[in-house]
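**Q** Here it is, the structure in full.
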Amino acid sequence: MRTIWAVLVAALLLYRAEATPDKIALATGSLKHICTMQAIRVDLVVTASHCVGVPGEEYTVYFVRGVSDVPISATLVWDGSFADYDNAGDIAFLKLDRPWQYTIPLSEILPKPGDRLQSVTYAFGIRHWTIETEYIGIRYVARFGWSLLFRGPVGGGASGAALIKDGKLVGTISSGSDEHRLGVGVPVGTIARALRDLDRRGPMPQGGR
């Protein structure tokens, strides 16, 4: 059983109230890395594929509300590393055993170059670490395939964090460069495609396809 910690952040402090849910749920930590997660459905969180193990693994996610932790069991049900199509992305989905109401919707459009994006991460082990980035565009990156590029600080532990514009998720963070202050992420279209694959075919079998 893996253990993942999660933090709950008041979104009204970060984004426009009319465009976002009341709170944002994040999760951090895994066997491989310290990472961030985002609840995108009441029973599903998204993170970076390189943060987790293989499909079928079980986790305990702790959503932190103030000083009290809310543990929820979860199972890794989809991982881009095991997808049978190209450009699946550095993303993974964990299914929660019971609902978590604080989610953020996927955007139906990409930002425009120069748009400002916000993210709440567990980078550097600091809860509620908020960063602002600048959207550059979609580029092909050898390690990740078609990716979302942005300019801004990316600290250790930010992998899997949501990139947000107008209260909606436009991508997730994969990696960054402190030297060049450039970040690489998964665009929302890739995430939506993965969700469709999960919905159509169901969870990946134990150990992956």
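**Q** Would you mention how many residues in segment 129-148 are closer than 16 Å to Ile91 by Cβ and either in contact with an Asp or Glu (Cβ under 6 Å, 6 or more places away or on another chain) or crowded, with 20+ Cβ neighbours inside 10 Å (or both)?
**A** Just the residues of segment 129-148 that are closer than 16 Å to Ile91 by Cβ, to begin with: 138, 141, 143-148.
Then drop every residue that is not either in contact with an Asp or Glu (Cβ under 6 Å, 6 or more places away or on another chain) or crowded, with 20+ Cβ neighbours inside 10 Å (or both), which leaves 144, 147-148.
Adding up the residues that qualify gives 3.
**Q** Between a first residue in segment 106-120 that is within 13 Å of Arg151 (Cα to Cα) and a second residue that is among the charged types (D, E, K, R) and surrounded by fewer than 19 Cβ atoms within 10 Å (Cβ to Cβ), which pairs have beta carbons less than 6 Å apart while being 6 or more apart in sequence or on different chains?
**A** Listed by first residue and then by second, the contacts come to Arg116/Glu132; Gln118/Glu132.
**Q** Further, regarding this structure: Note down all Cβ pairs under 6 Å where the first residue falls in segment 37-60 and is without any contact (Cβ under 8 Å) to a residue 60 or more places away in the chain, the second is β-branched (Val, Ile, Thr) and crowded, with 24+ Cβ neighbours inside 10 Å, and they're at least six residues apart or on different chains.
**A** Listed pairs, sorted by first residue: Ser49/Ile91; Tyr59/Ile4.
**Q** Name the strands (runs of 3 or more DSSP E) wholly within segment 131-209 that hold at least 2 residues that are in contact with a helix residue (DSSP H, G or I) (Cβ under 6 Å, 6 or more places away or on another chain)?
**A** Of the strands (runs of 3 or more DSSP E) lying wholly inside segment 131-209, those with at least 2 residues that are in contact with a helix residue (DSSP H, G or I) (Cβ under 6 Å, 6 or more places away or on another chain) span 168-177.
Residue by residue, here is whether (1) surrounded by fewer than 16 Cβ atoms within 10 Å (Cβ to Cβ); (2) out of contact with any strand residue (DSSP E or B) (no Cβ under 9 Å at 6 or more places or on another chain) holds:
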position: Val45; (1), (2): no, no
position: Ser49; (1), (2): no, no
position: Pro55; (1), (2): no, no
position: Leu76; (1), (2): no, no
position: Ala83; (1), (2): no, yes
position: Leu94; (1), (2): no, no
position: Arg98; (1), (2): yes, no
position: Ile109; (1), (2): yes, no
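**Q** Name the one entry in Tyr102, Tyr59 that is out of contact with any His (no Cβ under 7 Å at 6 or more places or on another chain), part of a strand (DSSP E or B) and at pLDDT below 90.
**A** Just one listed residue meets the conditions, Tyr59.
The values are calculated or read from the model by the stated rules, or taken from the named source; none is laboratory data. Please read these numbers as outputs of a predicted model, since none were measured by experiment. Here the Cβ is made from the backbone with ideal geometry for all residues, glycine too, and neighbour counts use every protein chain on show.
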